[in-house]
Amino acid sequence: MKHLVRWLAGLLLLLVLLLTGPALLAMSGSIPMGGSWQGADRSSAGLAPDPALTHEAVVQVYGARAFKWRGVFAAHTWIAAKDEGAAQYTLYQVTRWRGMQASPGVADMHWFGNRPHVLGELRGTEASRAIERIEALVDDYPYRDLYRAWPGPNSNTFVAWITRQVPELQARLPSIALGKDYLSGAGVAAAPSGTGLQVSAYGLLGVLVASREGLEINLLGLVLGFDPRRPGIKLPGIGEVGFGRDTHNPSPEDQG
């Protein structure tokens, strides 16, 4: 009986640890919880090079807080690419309502009111080579017909799957990109940035060690971690908090 009580107490403590950050965010009012998706801001954030003024190829990885209450737990990520001389960007992403898609769109759109941030970027010849690989990889995505918001596979699983195989992007997906660590079974893979390794059991339990991400421990899809490079800590829901600065929504200069 004592062992059961201790086990239940430990489980309760773990749940409190994992859910405190999302609860604080929800109560703070910093995450928009109201409104409808039809009227939400989807305009450009001014982060992507204008195709009319930029002849060279460009690939950018973006991330933004998820819509409404989901934003207290997670971010949504996508890839925007424009080949040399192209007049518009193609967005590569997965959504619950449309599945996997590669379609023209606003590269740096606000994600239903939430400002995006650049998580990785290539330009010029390197970007053109990456676009060729991305286009070839899309049809091989192993979860084309499966979407689960938790623990995955979802939008972040797709982007992480692509960036692992295009490591020159060195995309540092935010710790709140729930689903980025989803691996089928008890798998071992490169970190999404391509700069380290991770072990994960269906995105529910795992460890990641990489030079770009630092150390991340995945518990039930939520991440606790430490980044010695910046330095800072990673908390569920809140994301990354740097020593002396807040990086829960990393800006481009935080990606170097």
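Between the DSSP loop rule and a limit of at most 16 other Cβ atoms within 10 Å, which trypsin sites (Lys or Arg not before Pro) in segment 53-150 are left? Walk me through the intermediate numbers first.
Values: sites: R65, K68, R70, K82, R96, R98, R123, R129, R133, R144, R148; in loops: R96, R98, R144, R148.
Of the trypsin sites (Lys or Arg not before Pro), the ones in loops of segment 53-150 whose Cβ has at most 16 other Cβ atoms within 10 Å are R96, R98, R144, R148.
Could you pull out which residues in segment 171-199 have an amide N less than 19 Å from a spot 7 Å beyond the Cα of R96, following the Cα-Cβ vector?
Within reach of a label on R96, which here means backbone N under 19 Å from a point 7 Å along Cα→Cβ, segment 171-199 contributes 176-182.
Would you list the membrane-span-like helices of the chain, meaning whole DSSP H runs whose alpha-carbon atoms span at least 27 Å along their axis and whose mean Kyte-Doolittle value is at least 0.5? Display every interim value, and only then the final one.
Values: long enough: 2-28 (38 Å, 1.66).
TM-like helix candidates: 2-28.
Straight-line reach from K82: which aspartates and glutamates have a Cα under 13 Å away, not including same-chain ones fewer than 8 places off?
D50, E56, D108, E121, E126, E132, E135
Explain nothing, just compute: Karplus ³J(HN,Hα) = 6.51 cos²θ - 1.76 cosθ + 1.60, θ = phi - 60°, for every residue of segment 34-44 in order, whole Hz, x for Gly and Pro.
These are the phi-based 3J(HN,Hα) values: x, x, 10, 5, 5, x, 6, 5, 10, 7, 5 Hz.
At 0.36 nm per residue, and after removing the present C-alpha to C-alpha distance, how many nm does the segment from R70 to R123 gain when stretched out fully? All intermediate terms of the calculation are to be shown ahead of the outcome.
Numbers: separation 53, 0.36 × 53 = 19.08 nm, distance 3.23 nm.
Length gained, R70 through R123: 15.9 nm.
V188 versus E135, label points 7 Å from Cα toward the beta carbon: distance in nm?
Each label point is offset 7 Å from its Cα along the Cβ direction, giving 3.6 nm.
Let me check against my output: what whole-number percent is the relative contact order of segment 21-255, with C-alpha pairs under 8 Å and at least 6 apart?
Values: 573 pairs, mean separation 39.2, N = 235.
Dividing the mean separation by the residue count of segment 21-255 yields 17 percent.
Straight-line reach from K234: which aspartates and glutamates have Cα under 19 Å away, leaving out those fewer than 8 places along the same chain?
In chain and number order, the partners are D181, E213, E216, D246, E253, D254.
Provide, as a two-decimal number, the C-alpha radius of gyration of the chain over 2.2 N^0.38 Å, N being how many residues it has.
On the way: Rg = 18.1 Å, N = 256, 2.2 N^0.38 = 18.1 Å.
Normalised by 2.2 N^0.38 Å, the Cα Rg of the chain equals 1.00.
Between Q88 and V241, what length comes free when the chain is fully extended (0.36 nm per residue of separation minus the Cα-Cα distance, one decimal in nm)? The partial results should precede the final answer.
Values: separation 153, 0.36 × 153 = 55.08 nm, distance 3.50 nm.
Residue separation times 0.36 nm, minus the Cα-Cα distance, leaves 51.6 nm.
Here, each number is a calculation from the coordinates, and none is a lab measurement. Quick caveat: nothing in here was measured; it's all calculated off a predicted structure. Here the Cβ is made from the backbone with ideal geometry for all residues, glycine too, and neighbour counts use every protein chain on show.
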